[in-house]
Amino acid sequence: MATRENEDDRIALLQGTLDLLILKTLVLGPCHGQGVARLIQRQSEEVFLVDHGSLYVALQRLEDKKWIRAKWGVSENNRKARFYSITAKGREQLVEKTGEWRRLTRAMGLILDSGNGPQSEEA
Amino acid sequence: MFRRKRSAEDFAEEIKTHLELEADELQSSGLSEDEARWRARREFGNVRAAQERFYLKGRWASLDKLLRDLRFGLRSLRHSPGFAATAIVTLALGVGANTAVFSLMNAVLLRSLPVSDPDRLMYLRTNNPPHGTGTIDSRETFSYPVYDALRQQGGAFSPLMAYVPLSGSKVAVRYGADPEEAEGDMVSGTFFSGLGVRLVRGHAFTERDETNHAAIAVISYNYWTRRFARNPDVLGTALYVNGVPITIVGVAAEGFEGVEGGGSTDFWIPLQSRAELNAWGNPLEDGKNYIANQTWWCLRLIGRLAPGKNRAQVVAQLQPVFQRAAYAGLGTPMAGEKPPVLSLADAKNFPGYSEQYGNPLRMLMAMVGLVLLIALTNVVMLLVARNGARQREFSVRQALGAGRGELLRQLLAESLILVTAGGALAWGFAEMATRLLGRWAQIESSLAPDKTVLLFTLGVLVMAALLLALAPLRVALAGGAQLALKTSAATANTDAGKSRTGRVIVALQMALCLVLLVGAGLLIRTLRNLQNTPLGMRIEGLVVFGVKPNIQSIPEGVAFYVNLMNRLRALPGVESVTVMEERLGAGWSDNSAMRVDGKLPDVANGSSGTVRSNVVGPDFFRTLGVPVLAGRDFADSDTATSPHAGIINEQFAQRFFPHQNPLGHTIGTEDGRYQMTVIGVVKDHKYRSINEEPIPMAWYMYAQIPMTGAMQVEMRVRGEPLAILPSARKALQEMNPNLPLIQPMTQRAQYDLTISGQVLFARLAGFFGFLAVVLVAAGLYGTLAYRVSMRTAEIGVRMAVGAQRGQVVWMILRGSLLLTAAGVVIGIPSAMLVGHALASSLYGVKPLDAVSYLLAVVGVALVALAASVVPAARAAGVDPMRALRME
């Protein structure tokens, strides 16, 4: 398990959101796996904890689905790295998933802000 | 798609890069190289786990898993070879029997005529031809004037085709030096083009060939293969048909063997006009062939509906034309006579086949369906028993984390192995069985399994595989993970041992077995009755063959047969020789009304005036061994110049000469042209077939009747009847080297042919009944043995507290006898239904034949007893101490 000093403040990624984050990151331009992880962590202001093993499995899954494609290249500090870039199909998915996510968060927000007070856990 | 483009090494490489990049970054933020590398690695987490997840996600993994399941299945089946062999053989028998019978059914009932667009082909039928006509088949044959009138009606059929055999059986042909026989048809010039049958070599006929009666022939692919070894040089050579040279001009497409079921046509020639090539091989009647003789309904007609026309329209258009043409040569219909009515019948399938074999085949299909059901339940029960014994294994695996899906996959893999092996064996078994079936049924057309049969078999196998995988799953899961924690297998398994489902299945199997046994019993008793039917003659020692000399005049014909009979009588071992026009036991008869004392007799209410007649030679009844009750047999002294003589049977005497001595009365043909004096009365005997009722018969002397054509020669010989054939052939060919012996066989065999369908049916039914019994016995044995083994501990306890061996044996036997009783109670009403459905196939047995039912019940009980004895003995042999100590 990945650990850092301020681990308690971080949130494990929700199922399915990792795909969306990867696609969003790659819209900015081709990037290797480590860069993707770093970017997600930075852009979420270090809130998200990216499990690197899961990240690579997810990258492979997206590649199998042809939403992204990969090619070996050379990193800025001259290391051989596998670079991922988003495909046209991936862009479509990104738009769709983003919409879904917005609807979900809005709905969550509506319920959480409705002021009925906390319910019992099982309800 | 099992392959993924990316290798596991590539993935590992990427992770390595990640760690390096991460370390670089950490290093640049001020950590030492070692520290940075360690932190990068710690941050990543479990590298191996990631790699494994990558691997498992790959599609390779699922194939790998399947292979692993199969390997595991094979290994676990190898541990119980007895079980595996039993299951595979049972499956093979069940599936193979179904495939074989289905192949036959497919070939006979389902397969279409091998022509283009068979849906629009129609056989022409009529209800009954007018009075005063002669027919081959009162519903299916037509006169030449009818054919000629109908084909000239444009817009009804395009085209209308006639076809007619050159002989009732096979026709004498010669290719090169040796005379032989083949099946040949005369057909319309439009026959091949109208049916849409392609030719693989040469060309077909034209309408002009029909008009000119061209001496050309198209041979079937089968004949080309069988007789000419597919030699292409055969085109252009001569085939002598009844001595007439015919040039072979074409070979028909493979699989086309004529448009009638049953036989397979070897060659076709355009409609001919020569006397040697008359329809059905008949001699000319008053010098007229089938074209000139307007009242001989001998042609079969088939037509292709004209484009845009349906059946009703075509019938409506042709009906008046048909009714007018039907009276060609007859004048106007008699007063009150209803004109014949034309109708059409689908020519899509072989109609003759479906009448002859349809019902028996459907019954057989149902029987083998039941056999398959029994076989499958057997294997399921075996599997359940086996998996019951493996319940601990399953429980342990569940406890160790195997999901239901994994267990199901395991069971599926095992069932797949069993079904694949069983299926392969079944296919071989079916091929063999189909060939045997075809030979027995004397179906000459191709029975080779085609795509339909393959699909059927695969369908059955897939069903079997699913059933075999799913049925035992319940038992496998029943234990659950907690069973592994129980200490005693014996106590854990008692539930399975007493399974109610198992008992219900055994009882149902008993019921099915009873049904099959009753059906088989009824049919086998029918067979017995048929085979033991007295024929009314001394059948042993009789041999019969046909001769078809080319004869121009009546005296020449009589001289030929006198000469032939004298030559044959002189052969060593020959007791007596005679001739006849219609062969006995060939299923044919010549039926007509007869004049008695100069007038058509008034017959008592309800009885028919129809008399069956035959034209025969001297010593006819002595040769056959039919007793002459009054008067005398025909003799050499009855010649063309002596008073015309006739002989009648008892039925004739009783119906037309009640209470008087028939000798000396005159009888004659319907039209009054031939008169003869009754010189003898003979005992009734079987004439046309074994399963017929006697009807009035009369015999004419061949020398006194204007006939010149083919005759059947009947010889009574000492010793093996067929051994006389080589010398008989030599005697005949000394007279004319072109003449073969046509269809030589013993008279017994000829009669047996008339019941060959029933014989086949009964034998098959008997075989499948037997198969069912074996399967049920095996299944019952397996189930009981399993149940007893599950109850070992219980029996041990019983014996420990004082149960006697006899009591234990009785306990086991009583269980299976109760099951038998239940099976009988369910089975008898079902068997009665089956008996009812079989009624039309029975001879001399009632559908409710008590003996058959009794034997079936006894049979089922014996099976139950036999299957119970070994497990019961084993139960009694249980050592109480050991049984209790087992856990």
Taking a ≥ b ≥ c as the square roots of the eigenvalues of the Cα gyration tensor of the range A:8-112, is the shape rounded (a/c under 1.5), prolate (a/b larger than b/c) or oblate? oblate
Convex hull volume of chain B per residue (C-alpha atoms, cubic angstrom): 252
Note on the protein assembly as shown, DSSP bridge orientation, antiparallel percent to nearest 5 equals 80
Fully extended, how many nm does the chain gain between B:Ser32 and B:Thr452 (0.36 nm per residue separation, minus their Cα-Cα distance)? 143.7 nm
Assuming a ≥ b ≥ c are the square roots of the Cα gyration tensor eigenvalues, decide whether the range B:679-795 counts as rounded (a/c under 1.5), prolate (otherwise, with a/b larger than b/c) or oblate. prolate
What is the log10 of I(q)/I(0) for the range B:118-348, computed with the Debye formula using one identical point scatterer on each Cα and no solvent, at q = 0.09, 0.10, 0.12, 0.18 Å⁻¹? -0.37, -0.45, -0.65, -1.35
For a footprinting-style exposure proxy, rank B:His685, B:His836, A:His32, B:His18 by other Cβ within 10 Å, fewest first. B:His836, B:His685, A:His32, B:His18
Any idea what angle helix B:311-325 forms with the longest principal axis of chain B, computed on alpha-carbon atoms, 0 to 90 degrees, nearest 10? 20
Only counting other Cβ atoms within 10 Å, I'd like B:Ser553, B:Ser158, B:Ser868 sorted with the fewest neighbours first. B:Ser553, B:Ser158, B:Ser868
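Could you size up the charge dipole of the protein assembly as shown around its Cα centre, putting +1 on the beta carbon of Lys and Arg and -1 on that of Asp and Glu, and report it in debye to the nearest 20? All intermediate terms of the calculation are to be shown ahead of the outcome.
Working: 106 positive and 89 negative charges, 530 e Å.
In total the dipole reaches around 2540 debye.
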Find, to one decimal place in angstroms, the Kirkwood hydrodynamic radius of the protein assembly as shown, where the mean of 1/r is taken over every pair of different Cα atoms and then inverted. 36.6
Quick one: helix B:33-44 against the long Cα principal axis of chain B, what's the angle to the nearest 10°, folded into 0 to 90? 50
Rough spin-label spacing in nm, given labels placed 7 Å along Cα→Cβ, for B:Gln807 and B:Thr639: 9.8
Run the helix sum for chain B: -39,500 (n - 2.57) per DSSP H stretch of 4+ residues, divided by residue count, reported at 222 nm to the nearest 500 deg cm²/dmol. -17000 deg cm²/dmol
On the Cα set of the range B:8-57, report Rg and Dmax in Å, please. 12.0, 38
Computed on Cα atoms, the radius of gyration and Dmax of the range B:549-738 in angstrom are 17.0, 54
Mind checking the angle between helix B:47-57 and chain B's longest principal axis? C-alpha axes, 0 to 90 degrees, to the nearest 10. 20
Using label points projected 7 Å from each Cα along Cα→Cβ, tell me how many nm separate B:Val628 and B:Ser273, to one decimal. 4.7
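Arranged by the count of other C-beta atoms within 10 angstrom, fewest first, what order do B:Met161, B:Met799 take? Show your work: numbers first, answer last.
Numbers: B:Met161 26, B:Met799 21.
So the residues, fewest neighbours to most, are B:Met799, B:Met161.
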To the nearest 0.05, what FRET efficiency results for B:Ser840 and B:Asn127 with a Förster distance of 22 Å applied to their C-beta separation? 0.45
Here, B:Asn591 and B:Ala238, labelled 7 Å along Cα→Cβ, have an inter-label distance in nm of 4.3
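Since every read-out is calculated from the coordinates, none of them should be taken as a lab result. Quick caveat: nothing in here was measured; it's all calculated off a predicted structure. Positions of Cβ are generated from backbone atoms using ideal geometry, with glycine treated the same way; all protein chains shown enter the neighbour counts.
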